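Notes follow once the structure below has been shown.
The values are calculated or read from the model by the stated rules, or taken from the named source; none is laboratory data. Since we're looking at a predicted model, the values are computed, not measured. Neighbour counts are summed over all protein chains in view; Cβ atoms, including those assigned to glycine, are modelled from backbone coordinates with ideal geometry.
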Amino acid sequence: MWEVNRNSFITTGLTGEGNEPVVGLALDLTGLAGNAVGTLVPGFLPLVNTNAGVRGIILDADEVANLQAALPAGSSIITVDLTTAGTANSSQAFAILALDRKLAYADEIVPVKWDIDLGLRYGFDQNQVYSKQTAWPFEGNNTYRALEQWFQRTHNQRQYNGVSHEEGFPVITYPSDIEEGQNYTSFSIRHVNSAQVDTGSVVQSPQLAVVLFPFANNIAITQFETMLAEWLTSNNLTSIQSSL
């Protein structure tokens, strides 16, 4: 785990600078040392003690939930320290966590998750080592980054169609009501605009209206669902389904 973290970008600036988007977690399966997995909270998690101090990662709420679901119950995460390795507070297992990729200056690629293929130079001895992948990369639904880029490329293009949308520096962005770091519940309302273009022809244009609610705003979501369901029923239309 020392070598994994030495090659991770969390140790950038140390001897042998790393740039890999992974970190290594040394696990005490007894839970007697380190940070208990069951009580992890968003914030700094120390992972390795270096000659430049303790390095680690800043966990968000999703990462905490994922670690608690994936790691063995009752285990803890030890801060790797070569001065005490193999003596007190030794680990009996380890896990590898992929980090989000670093964003470019003007980054329009929505996915930020990495998949990792874990192995040793000469492979694992299957008679002695048990390994299992417990999670795969998933961007999630209705996250800020995906919704914001979708909005900027569609409706915001139409709202600001008379001005420039591309410039190297500074990068041009226009106002958006989508809040950074927020997840949403979305409602997609599909409808059709009909236009009589001549005496014998009607053009029907499919339309999509997207309504977003902050994910935790359950009262507003329930009220909106009730109101919309009543309107649909009164007009003999199809019922709705929300996307979480």
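Select from the stretch 64-73 the residues that are surrounded by fewer than 18 Cβ atoms within 10 Å (Cβ to Cβ) and touching a strand residue (DSSP E or B) at 6+ places or on another chain (Cβ under 8 Å) and write down the one among them that is nearest to GLN182 (Cα to Cα).
The selected residue is ALA70.
Give me the residue from the stretch 170-202 that is in a loop (DSSP other than H, G, I, E, B) and among the polar types (S, T, N, Q) and, out of that set, surrounded by the most Cβ atoms within 10 Å (Cβ to Cβ).
Of everything passing the filter in the stretch 170-202, ASN183 is surrounded by the most Cβ atoms within 10 Å (Cβ to Cβ).
I'd like to know if the stretch 30-37 contains one or more residues that are under 18 Å from the mean Cα position of the chain (by Cα), within 25 Å of PRO137 (Cα to Cα) and in the same structural domain as GLY119 (by TED's automatic domain parsing).
No: zero hits.
Find all pairs meeting these conditions: Cβ atoms under 7 angstrom apart; at least six residues apart or on different chains; first residue within the stretch 48-77 and farther than 21 Å from SER90 by Cα and of a type outside the set (Val, Ile, Thr); second residue assigned to a helix (DSSP H, G or I) and modelled with pLDDT under 85.
Note: no pairs meet the criteria.
What number of residues in the stretch 12-37 are within 18 Å of THR83 (Cα to Cα) and either without any contact (Cβ under 8 Å) to a residue 60 or more places away in the chain or in a loop (DSSP other than H, G, I, E, B) (or both)?
4
Go through (1) farther than 30 Å from LEU147 by Cα; (2) among the small types (Gly, Ala, Ser); (3) surrounded by 11 or more Cβ atoms within 10 Å (Cβ to Cβ) one by one and return the number of the condition ALA106 breaks.
With respect to (1) farther than 30 Å from LEU147 by Cα; (2) among the small types (Gly, Ala, Ser); (3) surrounded by 11 or more Cβ atoms within 10 Å (Cβ to Cβ), ALA106 is out only on (1).
Tell me the strands (runs of 3 or more DSSP E) entirely within the stretch 38-144 that contain at least 3 residues that are closer than 17 Å to THR11 by Cβ and within 26 Å of the chain's Cα centre (by Cα).
Here the list reads 43-50, 53-59, 93-98.
Out of the residues in the stretch 109-133 that are closer than 21 Å to TRP150 by Cβ and of a type outside the set (A, V, I, L, M), state the one that is surrounded by the fewest Cβ atoms within 10 Å (Cβ to Cβ). Lay out the reasoning, then the answer.
Going residue by residue through the stretch 109-133, those that are closer than 21 Å to TRP150 by Cβ are 109-113.
Then drop every residue that is not of a type outside the set (A, V, I, L, M), which leaves 111, 113.
Numbers: PRO111: 12, LYS113: 14.
Here the answer is PRO111.
Out of the stretch 173-200, which residues are of a type in the set (A, V, I, L, M, F, W, C) and out of contact with any Ser or Thr (no Cβ under 9 Å at 6 or more places or on another chain)?
Passing the criteria: ILE178, ILE189, VAL197.
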